[in-house]
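Chemist: Can you keep this structure in mind? I'll have questions shortly.
The values are calculated or read from the model by the stated rules, or taken from the named source; none is laboratory data. These numbers were taken from a predicted model, which means no experiment stands behind them. A quick note on method: Cβ atoms are made from the backbone with ideal geometry, for glycine too, and the neighbour counts reach across all protein chains shown.
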Amino acid sequence: MRTALRIALAASAALLTLGVAQAQEKTLRIGTEGAYPPFNNLTADGQLVGFDIDIAKALCDEMKVKCTFVAQDWDGIIPALQAGKFDAIVASMSITPERAEKVDFTNKYYNTPPAIAAPKDSDIKGVTKEDLAGKTIGVQASTTHFNYSTKTYTDSTIKPYPTAQEYQLDLANGRVDAVNDDITVLEGWLATPDGACCKLIGAITPDIEIHGPGAGIAVRKGDTELVNQFNKAIDAIRANGKYKEINDKYFKYDVYGGES
Amino acid sequence: MSIAATKVDRPPALPRGWPRQRILGYALVCMWIAFLAGIAAYLIVAWNGELFAKYAPSYVTGLGVTLLLVAISIVLGAMLSVPIAYARMSKNRILRGLSYAYVYFFRGTPLLAQTFLVYYGVGSFRPQLEMVGLWGFFREAFNCAIFAFSLNTAAYQAEILRGAIESVPRGQWEGAASLGLHKLQTMWKIILPQALIVALRPYGNEIILMIKGSAIVAIITVYDLMGITKLTYSRTFDFQSYVWAAIIYLIIVETLRHAVEWIERRITIHLQR
C-alpha cells in the first residue's frame, strides 16, 4: 500500500512539473492543408513548405512562441480546429460569414482574386456565365471558389474535387473544360511542367459576399487574445519588411491587396 | 409419432431470478437505449427546418446515386464472377493461376486505391484510349466508379460462389453422373440450388459491404450520399448532416438484412421441421 502511494505521489509530481514546463515554453500548433501550392504544400520528403508556412513561421517569431505544424485534409480542417487538434489554421482560408459563425478570424494576411484556367486550345473567351455555359468546371469542394461557381455558373456543370491536385489532373486529361481557383494557385501550377497543357483565361472580380475580404487565420471561437496577437504580428511583419521578403520569394507582385 | 410426443414430459421451467449475466444484459440494453435516445434527443434539439428543406433534396439525389451505383456494380460483378469462379476451380493451371492472381489483387488492395487508379490512372492514357474509342466511356466519373466497383465485387463474389459450390458434397456429383445427367445439367439442377442456400448470406454481406464501401466514391467527383453529406457539412458546419447520413445507411442495411432473411426462410422451407 505504501509503495502504491509513493508511486502515485511521484506520478502526480511528475505531471505537475510537466504542466509547469509546458506553461513556460508555449507551443502553438498550426493546422494547414498541405495540398495547395504555392501557399502550402508537402514536399516529397514530407516537409510543409509555401507562403502560408513561411508567413506562419514569421508570425510565430514575431509573437515569440514555438510553432509546430499539422497537415489536415481541407474538408475536416474546421472540425479539427474545434476538436483541439491544433490552435490556429493558416491555410489560405478565406474569411466568410458562414465560417465566422464557427471560428474567429484575424485580419486578412493576403487577398488575391480568383481566376479561370482552361486548356491551351480551349474556345472559352472570358469568365462570365455566358462564356462558360455548357462547359464542365472543376473546382475544389468546400471552398469559396466552389460556392462562387455553383452560384454564378448555373448553366455549367460544376465538378467538386477533394483537392486542387485532382482537378488539375482532370483539366490536363480533358475531363473538365475549365477550372476555377485562386489566381496565384493557378499561375503557380501553369508555370510547372504539369500545367503546360493549359492557360489562364482571366481573373474574376471577387464577390465580397462570397469570397470575403481575403485569407485570414482561423482560431477557436472566443480565443480573442490569440486573434489580437496574430493581428499585431501581421501588422509588425508588414511594417518591418519580413512580409515583403516572403512575398517576393513566391510572387512577382504584392499579394496583400489593398488596405482594408 | 403424435402418440409418442404426448408422453414426453414438458422440460422444467428455466430458473428465474437475477444472476449476474442477466443484470449485465439489462444494463447493456439500457445503455444502448440511452445512447439511441441521446441521438434522437440531439436530432430533435438540433432540428433545423430550413436546413432540412434546403438539403433534403440533394440527400435524396445522393441516395439515388449510391443505390444505382451499388445495384449496377453488384449485377455486373455477379456476371463477371461466374467465369472467374469457374477458372478458380478449373484443372487448367494457367486459368487457375490467372483467376487466383485476379482475386488476390482485388481482395488485397483497398477499394479506394482501385477507384483512384481507374479514374486518374486511366485518365493519363487519354490519347491511347481515344485511339481505341474507349475515352468516351472513361471520361465519365460514374462509369469509372462502376468499372472499379464491378471488378472489385466480382473478385469477392467469385470466392463466395466457389466456396458455395465446393461446399456441396462430391456424392451429389457422383449420384447425378450415375443417373446419366450431363455436367451442366447437374450444375444447374442439383449443385447450384444447394450452393445458393449457402451463398445467400455471404452475398447479402457483400451487398452491405458494397453500400458502405461506395461511400469513398466522392474522391472521383461522383457525389453519392456520403459526398453530399460532406458537401452539406462543409457549408453548414452542422454535425447533424453526418447523423442523418448514418441513419439513412442504417435503414438501407437493415432493410437488406431483413430481405435476405426473408429469402432465406423461403428457400430453406424444405429444411425446416
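Chemist: Of the residues in region A:178-199, how many are closer than 21 Å to A:Phe51 by Cα and more than 14 Å from every other protein chain (Cβ to nearest Cβ)?
Modeler: 14
Chemist: Quick one: is A:Val255 in a helix (DSSP H, G or I) and either touching a strand residue (DSSP E or B) at 6+ places or on another chain (Cβ under 8 Å) or surrounded by 13 or more Cβ atoms within 10 Å (Cβ to Cβ) (or both)?
Modeler: Considered against the rule, which asks whether it is in a helix (DSSP H, G or I) and either touching a strand residue (DSSP E or B) at 6+ places or on another chain (Cβ under 8 Å) or surrounded by 13 or more Cβ atoms within 10 Å (Cβ to Cβ) (or both), A:Val255 comes out as no.
Chemist: Would you be able to say whether some residue in region B:33-48 is surrounded by fewer than 17 Cβ atoms within 10 Å (Cβ to Cβ), in contact with a Lys or Arg (Cβ under 8 Å, 6 or more places away or on another chain) and in a loop (DSSP other than H, G, I, E, B)? Working first, answer last.
Modeler: Here is the first cut: in region B:33-48, the residues surrounded by fewer than 17 Cβ atoms within 10 Å (Cβ to Cβ) are B:33-48.
Filter once more, so that each one left must be in contact with a Lys or Arg (Cβ under 8 Å, 6 or more places away or on another chain): none.
Within region B:33-48 (the criterion being surrounded by fewer than 17 Cβ atoms within 10 Å (Cβ to Cβ), in contact with a Lys or Arg (Cβ under 8 Å, 6 or more places away or on another chain) and in a loop (DSSP other than H, G, I, E, B)), the answer is no, since none of the residues qualifies.
Chemist: Report whether or not A:Lys151 is farther than 28 Å from A:Pro193 by Cβ, among the basic types (Lys, Arg) and assigned by TED's automatic domain parsing to the domain that holds A:Asp194.
Modeler: So A:Lys151 fits the description; yes.
Chemist: Moving on. For region A:195-208, indicate whether the set of residues that are in contact with a strand residue (DSSP E or B) (Cβ under 6 Å, 6 or more places away or on another chain), at pLDDT 90 or above and crowded, with 24+ Cβ neighbours inside 10 Å is non-empty.
Modeler: Among the residues of region A:195-208, not one is in contact with a strand residue (DSSP E or B) (Cβ under 6 Å, 6 or more places away or on another chain), at pLDDT 90 or above and crowded, with 24+ Cβ neighbours inside 10 Å, which makes the answer no.
Chemist: So B:Leu76 ticks every box in (1) modelled with pLDDT under 95; (2) more than 14 Å from every other protein chain (Cβ to nearest Cβ); (3) surrounded by 15 or more Cβ atoms within 10 Å (Cβ to Cβ); (4) closer than 30 Å to B:Ala246 by Cβ but one. Which box is left unticked?
Modeler: Here B:Leu76 clears every test but (1).
Chemist: Is there any pair linking a residue in region A:181-197 that is over 23 Å from A:Thr144 (Cα atoms) to one that is part of a loop (DSSP other than H, G, I, E, B), with Cβ under 9 Å and at least six apart or on different chains, and which?
Modeler: A:Thr192/A:Pro37; A:Ala196/A:Lys120; A:Cys197/A:Lys120; A:Cys197/A:Asn173; A:Cys197/A:Gly174
Chemist: Tell me whether region A:218-225 contains one or more residues that are touching a Phe, Trp or Tyr at 6+ places or on another chain (Cβ under 9 Å) and outside the structural domain of A:Glu101 (by TED's automatic domain parsing).
Modeler: no
Chemist: Right, another one. Within region A:49-109, considering only helices (runs of 4 or more DSSP H) that don't extend past its boundaries, which have at least 1 residues that are among the β-branched types (Val, Ile, Thr)?
Modeler: By residue number, A:51-63, A:77-82.
Chemist: Further question on the same structure: Do we find that A:Leu42 is within 15 Å of the chain's Cα centre (by Cα), within 14 Å of chain B (Cβ to nearest Cβ) and at pLDDT 90 or above in this structure?
Modeler: So A:Leu42 does not fit the description; no.
Chemist: Anything in region A:129-148 that is over 23 Å from A:Gly195 (Cα atoms) and out of contact with any Asp or Glu (no Cβ under 7 Å at 6 or more places or on another chain)? List them, or say none.
Modeler: Scanning region A:129-148 gives A:Glu130, A:Asn147.
Chemist: Just checking, how many residues over region A:49-77 are more than 14 Å from chain B (Cβ to nearest Cβ) and out of contact with any strand residue (DSSP E or B) (no Cβ under 7 Å at 6 or more places or on another chain)?
Modeler: Result for region A:49-77: 8.
Chemist: Another question, then. Are any residues in region A:133-180 farther than 22 Å from A:Ile77 by Cα and assigned to a loop (DSSP other than H, G, I, E, B), and if so, which ones?
Modeler: Listed by number, the residues that qualify are A:Ala133, A:Gly134, A:Lys135, A:Tyr153, A:Thr154, A:Asp155, A:Ser156, A:Asn173, A:Gly174, A:Arg175, A:Val176, A:Asp177.
Chemist: For residues in region A:149-177 being touching a Cys at 6+ places or on another chain (Cβ under 9 Å) and more than 9 Å from every other protein chain (Cβ to nearest Cβ), which is nearest to B:Glu140 (Cα to Cα)?
Modeler: Taking the candidates together, the pick is A:Leu171.
Chemist: Name, by its number, the condition in (1) at positive phi; (2) more than 14 Å from chain B (Cβ to nearest Cβ); (3) not basic (Lys, Arg) that does not hold for A:Asp223.
Modeler: (1)
Results for (1) buried (at least 16 other Cβ atoms within 10 Å of the Cβ); (2) at pLDDT 90 or above; (3) out of contact with any Ser or Thr (no Cβ under 7 Å at 6 or more places or on another chain), shown as yes or no for each residue.
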{"position": "B:Ile228", "(1), (2), (3)": "yes, yes, no"}
{"position": "B:Arg235", "(1), (2), (3)": "yes, no, yes"}
{"position": "B:Ile247", "(1), (2), (3)": "no, yes, yes"}
{"position": "B:Thr255", "(1), (2), (3)": "no, yes, yes"}
{"position": "B:Val260", "(1), (2), (3)": "yes, yes, yes"}
{"position": "B:Thr268", "(1), (2), (3)": "no, no, yes"}
{"position": "B:Gln272", "(1), (2), (3)": "no, no, yes"}
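Chemist: Tell me which helices (runs of 4 or more DSSP H) are completely within region B:105-192 and hold 1 or more residues being without any contact (Cβ under 8 Å) to a residue 24 or more places away in the chain and within 12 Å of chain A (Cβ to nearest Cβ), or say none if there are none.
Modeler: Fully inside region B:105-192 and qualifying: B:126-132, B:135-139, B:141-167.
Chemist: Looking only at region B:193-244, count every residue that is within 20 Å of the chain's Cα centre (by Cα) and more than 14 Å from chain A (Cβ to nearest Cβ) and tell me the total.
Modeler: The qualifying residues number 21.
Chemist: Next up: Within region A:78-109, how many residues are within 10 Å of chain B (Cβ to nearest Cβ) and more than 19 Å from A:Ile234 (Cα to Cα)?
Modeler: 7
Chemist: Among the residues of region A:79-112 satisfying the criterion of being within 12 Å of the chain's Cα centre (by Cα) and over 20 Å from A:Thr27 (Cα atoms), which is surrounded by the fewest Cβ atoms within 10 Å (Cβ to Cβ)?
Modeler: Here the residue is A:Lys108.
Chemist: Yes or no: B:Val253 in contact with a helix residue (DSSP H, G or I) (Cβ under 8 Å, 6 or more places away or on another chain) and not in a helix (DSSP H, G or I)?
Modeler: Values: in contact with a helix residue (DSSP H, G or I) (Cβ under 8 Å, 6 or more places away or on another chain): yes; not in a helix (DSSP H, G or I): no.
When the stated conditions are applied, B:Val253 does not pass them.
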